[in-house]
Amino acid sequence: MLDTLGSKFSNVFNKLRGYGKLTEANLDQALREVRLALLEADVHVGVAKSFLENVKQKVLGQKVLENLNPYQQFLNIIHEELIVVLGGVQEPLSFSGKSPHVLMMVGLQGSGKTTSAAKLALFLKKKGRNPYLIPADINRPAAIDQLIVLAEKVGIPCFQAKGYGDVLSLVKEGLAQAQKNHHDIVLVDTAGRLQIDTALMGELKKLHESFENKKVLFVADAMTGQEAVKVAKSFDDLLKIDGVILTKLDGDARGGAVFSIRYVLGCPVYFAGIGEKVEDFEPFYPDRLASKLLDRGDLLSLVEKAKGIIDENQALEFQKKLKINDFTLEDFKSQLGQMKKLGSLQSLVGYLPGMKRLGGKVDFNQAEHQLKVKEAILNSMTAKERLRPEILNGSRRLRIAKGSGTHVSDVNRLLQEFTQMKKMMKMVKKGGLGGLKNLMGL
């Protein structure tokens, strides 16, 4: 997420850290580099200017240059101002008044609008709501089919919208169906186009006027930078946007839209799409994104992500086994599966503080490959072999290597790592940290 911008920030601050004393000349140079990084990330020029002016004013006002630890205080000010630019506090999507509440999803074709409708419906369902989906793009049957398939996948009821020639009639019947079945939130996936046109906007205007208790959510592709902001402004002029969902935030190398869209629209960014899976969807937290940009990590989001994916009972059982040094290759296989659900290694380390300083020192592709090799080897073992690895003689190891498409040396390496891990846990259990130091030869 915003890797390029985050890396440039890191480079600037690493330079400052190297100075024995922070001078006004150092500060001006750093701010110029931050400004260039923001503009290269396609951040709105007004946002960049306001941000830098506020930072400099605070730095001089708080007499940071005279401080005993000026670098850290400067970084804190940057962090505070980034949070302000990104929207301040996280604003939850709230509802009031009579249900059903209508969420009108708008945006251009390809922005991820249909997928976001399904993701948001699943998010609301997990929060105890009873959502209903209405596909309303009658000119694109494929979009209707896509939402029906996604709805079935996430277990959300969806209106069968095929065969309608008029979008108003379609949505009217869909809403009646939602009310009949006591759904409290209705998500309407409106028509998308490759670009804004008069016919599209006219249709959306009529649809908007037909709803009573409604919110308009604009779905923006974060990878389109300033173009997303221009499109959002056109929709806002017509419909008055209530909030934004930013998609493809995991793949956005530039990220200008994240900073600019709130500045231009004055409405909150409610959610962020951070991957292709239906679960890759989370509330947008300005403070957490600011921390990730400054390489301070985002452990809160990582914990929340893990809670939603990892089986708590299974995790507790594994913890017990670790304590008594009774875990097996079956447990190892299970833990690899749980880790895969959390995402790629590269995406996970982004949640950890200080990881940007590693730069290109870690080959994540190679690390991911090694995990796949381990998984293939474990899957090629029988349940008995995973529970009792001591029975793995030469012929069994050869069979496992052939079955997993690996080499016997790979099988041997995995077993050695497993044995070493068991030995380490035994030493820790026996002698605490002292036992671990003995094992490491310290």
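For the range 3-86, the Kirkwood estimate of the hydrodynamic radius, built from every pair of different alpha carbons, is 12.9 Å. In this structure, the amide hydrogen of HIS101, modeled 1.01 Å from its nitrogen in the peptide plane, lies closer than 5 angstrom to those of ILE185, VAL186, counting only residues at least 5 positions away or on a different chain. Modelled this way, with points 7 Å down the Cα-to-C-beta line, the labels at GLN195 and LYS127 are 3.6 nm from one another. For the residue pairs LYS119/LYS422; LYS180/LYS215; LYS98/LYS248; LYS126/LYS372; LYS340/LYS384; LYS180/LYS340, the alpha carbons lie more than 29 Å apart in LYS119/LYS422; LYS98/LYS248; LYS126/LYS372; LYS180/LYS340. For the range 101-293, the alpha carbon convex hull comes to 110 Å³ per residue, rounded to a whole number.
The stretch between ASN14 and VAL149, if pulled fully straight at 0.36 nm per residue, gains 43.8 nm over its current Cα-Cα span.
Only the coordinates and a few stated rules stand behind these numbers; no lab work does. If you're wondering where the values come from, they're calculated on a predicted model, not measured in any experiment. All Cβ positions, even for glycine, are placed from backbone atoms using ideal geometry, and neighbour counts span all protein chains on display.
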